[in-house]
Amino acid sequence: MTEQNELIKRRLEELEEIKKLGINPYPHRYDVSTTSAEIIKNFKDPESEEEKEKQKEATVSVAGRIVAIRKMGKATFCHIKDESGRIQLYIKKDDVGDTAYSILKLLDIGDIIGVKGFVFRTKTGEVSIHTNEFQLLTKTLYPLPVVKEEITESGEKIIHDAFADVELRYRQRYIDLIVNDHVKETFINRSKIIRTIKSTLENYNFFEVETPTLQTIYGGANARPFATHHNALDLKLYLRISNELFLKRLIVGGFNRVFEFVKDFRNEGIDRTHNPEFTQVEWYQAYGDYNDSMNLFEEVVEKACLAVHGKTNIKYQGTELDFKRPWKRLKMTDAILKKTGLDVITTSKDDLIKFMKENEIEFDPKMSHSKGLVVAALFEETCEEDLVQPTFIIDHPIDTTPLCKPLREYSLTQLEEMKNDPEQVIFVERFEPYINKWEMGNSYTELNDPVLQRKLLEEQVERGRGGEEETHPMDEDFIRAIEVGMPPTTGVGLGVDRLVMLLTNSVNIRDVILFPLMKPTS
């Protein structure tokens, strides 16, 4: 820290010297005509002296941050980095003048300059700018890490003194983006993925909407919310855990296909694939079911993969993944049977719990009142680890969600009988897509029976009173919307951050969030 303070002190002294020379170290603007990447891409070696002279007359204007500088008396070589890449500058005292050249000794790595000159190739073969004029645009005070690149004889790039402290990179993302090129590429690809998802949905006539972040009743998922308070209204509010119930209200209102990219907030743990603030896209389609959603989901993801990689077969941390459609579809009961040998439909709840205890399978005793929740827990603890290639796990117990339709194979009489038998599990038309052992989203054939919807939400409230931490609250206005009449509908939630992780080979969700939540350092 002492060394850093000395560097800052020296830069402050340089700043004062620059001002004494009558130079404004922070001018208002600078005209930029091109980028470093365009210069390098478009440069052609002259074939004659005439062409060479014409190139000298063709002036380019670029601006960027100094990332390397080598001063040699009356000439200076340096590299600047702009949004597209980096390029070498050749600055000669005779060309820019004594006053301008004297400023060079007061510049440091990290300072931002603008230059004008003509493009040429040096004797070492590097496309560079022969600078006729340069201007200091920003004098920096905080020193950047000096990251050095070495190109081996085989063409391999080796990075020395990288800005590699993971926690510091997340806290100081602005420095991370400056010195680590791969980080910027990750977020360029993130934007590409989001654009692709949007365009795919819009091609199917989905309409983009916006719904509230602050809600008086949180809903649409079983999760713990963040609570806040509105002073003027003296009103307790919650940050959105899902936008599902509002998008369904829009289906009721006559928007037959809607989607929204949202920030959701869940007051839960943080780990490699979970962040309290995360991005989802949800879409809802009237007159469709979960089969339609499966088809669209795999298309959306396949096209996102193609947009980033140009192919569907990629590697994630050494694991081969293939996003090519169609994906495998597997019933939850069949997955459990294949893994454990248990037929959960015919096996009693007590025997399922006994099996889990005997095999030391983690299980929350608060769930033991419901066979459906036991089945769901058995699946999560035994089967998820095998779901590496893209797979839809379909037909979940009704106990896991109050917002989904039972399987269409059940008759109304059969449903009534099953409700009164605690050993019977009602399954619903729900799927969860899994890739690389991760749950990537959620989808239903949406429940639009207002009587059953009210009953299921009331049961959720009772379960909450019984001690379950993550249950769905009652929302009377949502019930009213369903009573007004919602057509047959299917809906999907897709975790954008996890998808970006997979498609950018990122190991932590914080790697794909520009400014992840961090605990204060003091």
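The values are calculated or read from the model by the stated rules, or taken from the named source; none is laboratory data. These numbers were taken from a predicted model, which means no experiment stands behind them. Glycine also receives a Cβ, built like all others from the backbone with ideal geometry; neighbour counts cover every protein chain displayed. These area figures cover heavy atoms from the full protein model, side chains too; ligands, DNA and RNA do not enter into them. Shrake-Rupley method; radii C 1.70, N 1.55, O 1.52, S 1.80 Å.
General observations
- Within segment 53-136, DSSP assigns beta bridges of which about 90% are antiparallel (rounded to the nearest 5).
- Highest-first arrangement of 223-232, 490-499, 33-42, 428-437, where packing means the average Cβ count within 10 Å: 490-499, 428-437, 33-42, 223-232
- When you work out D = kT/(6 pi eta Rh) for segment 405-522 at 4 °C and 1.567 mPa s, using the Kirkwood radius from C-alpha pairs as Rh and the Stokes-Einstein form, the result is 73 µm²/s.
- Counting heavy atoms of the protein chains alone, Phe255 has an accessible area of about 90 Å² for a 1.4 Å probe.
- Residues whose amide H falls under 5 Å from that of Ser61, counting only those 5 or more places apart or on a different chain, are Ser33, Thr34, with hydrogens built in the peptide plane.
- Estimated D of segment 46-133 in µm² per second, where Rh is the Kirkwood radius over Cα pairs and Stokes-Einstein applies at 10 °C, 1.306 mPa s: 119
- Calculated Rg and Dmax of segment 238-363 using C-alpha coordinates, Å: 19.4, 52
- Over segment 195-316, accessible surface divided per residue gives 45 Å², non-protein components excluded, 1.4 Å probe.
- Considering only beta bridges that DSSP places wholly inside the chain, some 90 percent are antiparallel.
- Rounded to the nearest 10 degrees, the angle from helix 2-20 to the longest Cα principal axis of the chain is 50 degrees.
- For segment 303-308, 3J(HN,Hα) computed residue by residue from phi via the Karplus equation (6.51, -1.76, 1.60; θ = phi - 60°) reads 5, 5, 5, 5, 5, 8 Hz, glycine and proline entered as x.
- Gain in span if fully extended, Glu49 to Ser199, counting 0.36 nm per residue against the direct Cα distance: 49.0 nm
- Long-range Cα-Cα pairs in the chain (distance over 40 Å), rounded percent: 41
- Contour excess over end-to-end distance, with Cα ends at Lys41 and Arg70 and 0.36 nm allotted per residue: 8.0 nm
- Cα pair distances of segment 1-56 binned at 5 Å [whole percent]: 4, 13, 11, 11, 11, 10, 13, 12, 9, 5, 2, 0
- Placing a pseudo-label 7 Å from each Cα along the Cα-to-Cβ vector at Asp165 and Ser368 gives an inter-label distance of 4.8 nm.
- Label-point separation in nm, Leu407 to Lys93, each point 7 Å along Cα→Cβ: 8.6
- Charge dipole (the chain, unit charges on Cβ, about Cα centre) - positive-most of His229, Asn42, Thr279: Asn42
- Size descriptor, Kirkwood hydrodynamic radius, that averages inverse alpha-carbon separations across segment 353-406, Å: 12.4
- Applying the Karplus relation 6.51 cos²θ - 1.76 cosθ + 1.60 with θ = phi - 60° to segment 65-77 yields 3J(HN,Hα) values of 9, 5, 10, 7, 8, 9, 9, 9, x, 8, 9, 9, 9 Hz, where x marks Gly and Pro.
- Using the rule -39500 (n - 2.57) for each DSSP H run of four or more residues, divided by the residues of the chain, the 222 nm mean residue ellipticity is -10500 deg cm²/dmol.
- Amide hydrogen neighbours beyond the local backbone of Asn132, cut-off 5 Å, H modeled: Lys116, Gly117, Phe118
- Mean separation of Cα contacts under 8 Å, 6 or more apart, over the residue count of segment 156-311: relative contact order %: 21
- Accessible surface of Trp438 - all protein chains present, 1.4 Å probe, nearest 10 Å²: 20
- From phi via Karplus (6.51, -1.76, 1.60), per-residue ³J(HN,Hα) for segment 383-397 in Hz, x at Gly/Pro: 9, 4, 5, 9, 8, 8, 6, x, 9, 9, 8, 10, 6, 9, x
- Nearest-10 value in Å² for the accessible area of Ser84, using the 1.4 Å probe: 50
- Counting only residues at least eight positions apart within a chain, or on another chain, the lysines with an alpha carbon under 17 Å from that of Lys184 are Lys81, Lys192.
- Accessible carbon and sulfur surface of the chain relative to its total accessible area, %, 1.4 Å: 50
- Lysines with Cα under 29 Å of Lys354, excluding same-chain neighbours fewer than 8 positions away: Lys331, Lys338, Lys339, Lys366, Lys371, Lys419, Lys437
- Amide hydrogen neighbours beyond the local backbone of Gly288, cut-off 5 Å, H modeled: Thr489, Thr490
- Accessible area in square angstrom per residue, segment 317-454, 1.4 angstrom probe: 48
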